[in-house]
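Heads up: the structure comes next, in C-alpha cells.
All of the numbers you see were taken from the coordinates with simple rules; none came from a lab. What you see is a predicted model, and the numbers here were worked out from it, not measured in a lab. No Cβ is skipped: glycine too gets one built from the backbone with ideal geometry, and neighbour counts run over all protein chains shown.
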Amino acid sequence: MPIYTLPDLPYDYSALEPYISGRTMQLHHDKHHQAYVTGANTALEQLQEARDKGDFANVNKLEKDLAFNLGGHINHSVFWKNMSPDGGGKPEGELAAAIDEYFGSFDKFTAHFTATALGVQGSGWAMLAWDQIAARPVVFQLFDQQGNVPAGVTPLLQLDVWEHAYYLDYQNVRADYVRAFWHVVNWQDVSDRFAKVTA
Ligand code: MN
C-alpha cells in the first residue's frame, strides 16, 4: 500500500486561466506531482528494505530521495490550495494585520515575496512560512524541493518557480508568471493556514 497518494486538484485544470493554462496545470499535477508521490513511496519502501537487510550502504541516496520527493509532494499539495479561480485581491483580518506588522504593509510584502521568487537561482520556490520559535511569518527561498529552509517552519503560501510551472505559458519571463500568480492567490486558504498555526 502506498503511503502517499496524489490529491485531486481543488478545481478544473483550466480554472486558473488566463493566468495559468490548463495544459500547464494538467502536466504539472498529473505528471510532475505524481512523480514526487511515487518517488517518496519508493524511497520509503527502499528504506524499509535496507532496515530489513541491515544494509545501509545506500542510505545517503535514499534519504536525499525521500527529502526531495516528499518535499515535492508537500510543496505541491500546499501550492494547489494556495490558488483559486476566485483568488486575488488582498488578505483580510488577522493575516492582513500580521503582514502589516511584520512586513510593513501588504505592498512591501508582495514586493519582498516577488523579489524572492524572481531571485531563485535554478529550480525552487518562494515561501511565506510561520516560524514557530519566534512566532512570526518569514519569507524564504526554497531550493529544489527541500533545501535552504530550516526545519520547524510551517508553509502558509508557496509559489513554484521551477520552469515546469510556467515555461509553456510564459517561456523565460518568470516575472510575468509571478505577476499573474497574485491574481489567483487564495487568501482564504492562506488565512486558514495562519489561523491553525496561531491557534
Ligand atoms: Mn512544480
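Within region 179-199, the set of residues being assigned to a helix (DSSP H, G or I) and farther than 23 Å from ALA135 by Cβ comprises ARG179, ALA180, PHE181.
Name every residue in region 136-169 that is aromatic (Phe, Trp, Tyr) and surrounded by 22 or more Cβ atoms within 10 Å (Cβ to Cβ), in order of residue number.
If the condition is that a residue be aromatic (Phe, Trp, Tyr) and surrounded by 22 or more Cβ atoms within 10 Å (Cβ to Cβ), then TYR166 is the only one that fits.
It is to be established whether one or more residues within region 128-136 are in contact with an Asp or Glu (Cβ under 9 Å, 6 or more places away or on another chain), more than 16 Å from the ligand (Cβ to nearest atom) and not acidic (Asp, Glu). So far as region 128-136 goes, yes, one or more of its residues are in contact with an Asp or Glu (Cβ under 9 Å, 6 or more places away or on another chain), more than 16 Å from the ligand (Cβ to nearest atom) and not acidic (Asp, Glu).
Quick one: in region 97-131, of everything that is surrounded by fewer than 17 Cβ atoms within 10 Å (Cβ to Cβ) and among the small types (Gly, Ala, Ser), which residue is farthest from ASN172 (Cα to Cα)? Out of the qualifying residues, it is ALA97.
Annotation: of all residues in region 65-74 being closer than 15 Å to SER123 by Cβ and surrounded by fewer than 19 Cβ atoms within 10 Å (Cβ to Cβ), the one that is farthest from the ligand (Cβ to nearest atom) is ALA67. The single condition from (1) within 12 Å of the ligand (Cβ to nearest atom); (2) without any contact (Cβ under 8 Å) to a residue 24 or more places away in the chain that ALA97 fails is (1).
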